[in-house]
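Structure record follows, encoded as structure tokens.
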């Protein structure tokens with residue numbers, strides 16, 4: 001940049017990078033401390049539109065990432081935890097919550113030099129992390145310190161650069177700010193592109209504040225950049241939703257439509273709206289002319305506009321959520337003929353969340369879906385045992401084989417996802433959870449294999465015309481009932497995310513009952529073969545089925561044991 005020392009230019013870029021990294025670390029630290037509470041709050045505190053808005057605003061203000069809130073919301077819509085209407089209200093709230101970031105910048109980049117406080121907090125944060133006293137709190141404090149240090153450095157560097165004295169910079173902004181509404185559209189477009197490119201509206205907001213406070217960028221052009229940031233930040237959720245369900249794509253589209261509508265109406269009243277906000281802070285507004293007031297007041301104008309715009313937009317649209325819902329349904333129509341493959345993951349099909357901690361929450365949900373599919377195969381075994389028609393028997397057997405393939409693919413896909421999550425910055429507890437989930441999906445895949453093996457034994461019995469006595473059929477059904485009960489309890493425990501000591505004791509007792517029944521039936525089978533009650537081939541097929549059911553019960557109990565560890569060995 002002409003007449004700008006290289007050290008100042010590198011300081012500018014470095015401070016923006018420090019700001020972005022600080023916000024990421026701070027967000028991750030908060031999410032680690034909050035754990036599953038974020039997911040629980042989002043899933044339960046959306047009973048009505050107002051509650052949804054407050055929930056979205058609160059979570060976004062807490063974790064300092066509207067992207068994290070929006071992507072999590074899109075994921076929940078994909079699997080039906082949130083309706084589209086609930087998701088829209090949460091997204092509206094997320095837009096309000098993200099304005100809190102601008103106010104942090106106003107306070108952090110004020111006239112008081114925060115460097116002494118920031119360096120003191122960094123020492124505390126590093127000590128907490130190094131000595132493992134409270135690593136999550138240490139990360140939060142470190143991220144907050146780096147963010148404030150980046151803001152302070154930006155402010156000091158902007159003053160030292162004297163951008164208003166550099167002809168090339170001044171002439172550029174004068175030239176591009178003299179086209180009336182054409183300039184507003186230009187800066188709106190630039191703001192959107194830059195926000196999408198760096199994936200951080202906070203970074204672009206910081207640069208906008210720096211340029212305005214340096215008295216080279218007119219306040220109305222800075223506000224146009226802010227409007228562009230609102231559009232650019234919606235692109236991420238739409239990209240994430242591309243591989244998700246129709247409902248998830250609609251939720252992401254609602255985010256874009258919401259912000260587009262806001263930009264359109266505010267442009268109709270742009271100058272009066274900007275003038276009103278400027279008057280609140282005693283700033284004289286002249287379109288296209290840089291305001292010659294203190295940087296603190298200019299930054300406050302930008303933050304106030306950002307908040308007022310999003311709050312007003314929400315107040316307008318919160319009453320017409322059903323209409324907004326119909327609009328996005330028209331934009332993204334249903335395609336009933338395109339059925340989604342059961343082999344595709346549901347919760348984590350959109351890729352990693354903004355942080356590894358939130359990705360773990362999504363992975364646990366996917367493990368629940370995996371368990372439900374494995375348990376569904378037991379019902380197919382019931383049908384195979386009773387089916388007499390050859391065509392229907394073959395159809396059920398093929399369905400069991402298909403589900404076994406789905407289980408194989410789900411194990412691989414979830415494992416690959418967890419490996420990606422493990423590459424992120426995880427707490428010790430989260431690393432342990434990843435290990436436990438890998439163990440669980442291995443056991444669930446074995447449950448699928450056991451069901452497939454049962455279908456093969458039943459087909460062999462049918463093809464070989466082996467006839468079981470009424471007693472043998474009854475024993476098989478009794479064993480299958482016990483295994484099915486164990487599977488049902490496993491699924492329910494995974495859905496609750498916990499298993500009580502009493503419930504685990506019941507599962508252990510059920511395991512003993514299954515093992516005892518297997519031993520009894522094995523002994524009786526030898527006596528029956530010796531007594532010529534049925535032939536050897538019948539006894540072999542019969543015990544193959546019983547042993548496979550007992551093995552399936554072992555896999556199910558193993559899942560319960562891992563879950564019990566997860567909740568009680570912390």
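Tabulated values for the structure
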quantity	calculated
Cβ-derived FRET efficiency at R0 45 Å, residue 394 paired with residue 502, nearest 0.05	0.55
Sorted peptide list for 480-489, 288-297, criterion being average Cβ within 10 angstrom, highest first	480-489, 288-297
Label-to-label distance, nm, for residues given as residue 181 and residue 279 (7 Å Cα→Cβ offset)	2.2 nm
Rough spin-label spacing in nm, given labels placed 7 Å along Cα→Cβ, for residue 21 and residue 289	4.3 nm
Full-extension gain in nm, residue 168 to residue 308, via 0.36 nm per residue minus C-alpha separation	47.0 nm
For region 356-568, the fraction of alpha-carbon pairs in successive 10 Å shells from zero, as %	8, 32, 31, 19, 8, 2, 0
FRET efficiency estimate (nearest 0.05) - Cβ-Cβ, residue 376 to residue 409, R0 25 angstrom	0.95
Length gained when the stretch residue 327-residue 532 is fully extended (0.36 nm per residue, less Cα-Cα span)	66.5 nm
Residue order, fewest to most surrounding Cβ atoms within 10 angstrom, among 140, 305	140, 305
Calculated FRET value between residue 127 and residue 48, using beta carbons and R₀ = 51 Å, to 0.05	0.70
Pairwise label distance in nanometres, residue 242 with residue 428, each label 7 Å out on the Cα-Cβ vector	4.1 nm
Convex hull volume per residue for region 456-570, taking Cα atoms only, in Å³	92 Å³
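Here, each number is a calculation from the coordinates, and none is a lab measurement. Predicted model, so just to flag it, every value in this text is computed and none were measured. Note: ideal-geometry Cβ built from the backbone for every residue, glycine included; neighbour counts use all protein chains shown.
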